[in-house]
1. Once you have the Cα-Cα distance between L328 and H25, take 0.36 nm times their residue separation minus that, and quote the gain in nm to one decimal.
2. Select from M323, M250, M36 the residue whose mean-square fluctuation is largest in a Gaussian network model of the chain (Cα-Cα springs shorter than 10 Å).
3. So what are the ³J(HN,Hα) numbers for the stretch 34-44, from phi and the Karplus equation (6.51, -1.76, 1.60; θ = phi - 60°), rounded to whole Hz, Gly and Pro as x?
4. Counting only heavy atoms of the protein chains, get the accessible area per residue of the chain (1.4 Å probe) and round it to a whole Å² value.
5. On alpha carbon coordinates alone, what is the Rg over Rh value for the chain, Rh being the Kirkwood radius?
6. Under the √(5λ) rule applied to the eigenvalues of the Cα gyration tensor, what semi-axes describe the equivalent ellipsoid of the stretch 202-296? Give them in Å, descending.
7. Please give me the summed charge of the neighbours of L268: other residues whose Cβ is under 15 Å from its Cβ, Lys and Arg +1, Asp and Glu -1.
8. Given a 1.4 angstrom probe, I'd like the percentage of the accessible area of the chain that is carbon and sulfur, rounded to a whole number.
Amino acid sequence: MFLLNQLLKLRHTPPGGAEMSLLDHLEEFRRTLIAMGLCLLAGMVLCFSFTDEVMAVLTRPVQELSARYESTTLPAGVDAGDWCTARRAAAVLPMLAERERAEFTARLTPRQRELAAAVPQLQAARALPAAEAGGMLTTPLLKSLYESGANPHPAGEEANGGGLMGAFQPGEAFMLSLSLAFFCGLIVSFPVMMYFLLRFVVPGLLEHERKLVYKCLFWGFLLFLAGCAFSYFLVLPRVLSFFFNYSREMGIDNDWRIGYYLTFTAKLILVFGVIFELPVIVVPLIRLGVLSYELMKRTRAYALVGCLALALVLAPAPDPGTMLIMALPMYLLYELCILFARRCG
């Protein structure tokens, strides 16, 4: 209640301006919401036109995870790229005519041709009981591939390969594109939306307050990008690796559905971008006298509980690991804000 009262005081009448009634405040709030909605719509249209590029960026972490898993199952001397090409070639070659088969194999390296020839025999050995598979392993390469547990099927066709499942409904791909455009449009338009929101909260800006808002917008944009990058490059690979390995240990397939994966990834990136905006919210309140060093220090324990509660609500996965990964940077940023408040005091 104290914080709410302080925020309402920020909507003071500009110097020389007329007193605004409650209806005027509501009308201005309506205009602000419309402006924020138009910004979100523009961001969605922009991201929808780059759906293929956005999807390639968001699926890259799981593809890299699958490639790392593949490399751990290959024997020494077998390159993961050559093995992937050989598996795809082995799936295509039986469907080609003799002339086309010759032209296709001529484009492969000798190592890729050798691996492609070994794929059908390895598939047959995998289909047999372990005691009977030895008869199919006629070369040292086949034996090493079989003993290492290499996957002879094309990517996404066998369990634990980290593949992404296709659409199960006629309109699922289109709805997925819209959902992806919404989350990515929210990420792109968030700094502009924050500008409109700040302009509504403090309409009667003095000169030093106006400079403070501009600085906050600049740093807010950088912090938002930093949060998204932190999530994409550091948090997302570790979270995916944890779920991937945990499922493998339990014998559960990692054939993830593309819609759920992209929604999970977009939410995680967006939430971390919002989390990194905490200093942009707290620092102006410190400068405007709404918050003080003593108040923030006294409520540190409540802030920790609040960070955990927000992580519980905002985390795209309900596991404790994801929530702690989300709550920790949020609380560290709050501690940095306390240090800033102490410096300003």
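1. Details: separation 303, 0.36 × 303 = 109.08 nm, distance 3.71 nm.
Length gained, L328 through H25: 105.4 nm.
2. M250
3. 5, 4, 5, x, 5, 5, 4, 4, 5, x, 5
4. Details: 19670 Å² over 345 residues.
Here the residues of the chain average 57 Å² of exposed surface.
5. Ratio value, two decimals: 1.14.
6. Equivalent ellipsoid of the stretch 202-296: 40, 14, 10 Å, largest first.
7. My count for the surroundings of L268 gives +2.
8. On the way: 13060 of 19670 Å².
The C+S portion of the solvent-accessible surface of the chain is 66 percent.
The values are calculated or read from the model by the stated rules, or taken from the named source; none is laboratory data. This one's a predicted model, so the numbers in the text were calculated from it and none came from an experiment. All Cβ positions, even for glycine, are placed from backbone atoms using ideal geometry, and neighbour counts span all protein chains on display. Accessible surface areas use protein heavy atoms only, side chains included; no ligands, DNA or RNA. Shrake-Rupley method; radii C 1.70, N 1.55, O 1.52, S 1.80 Å.
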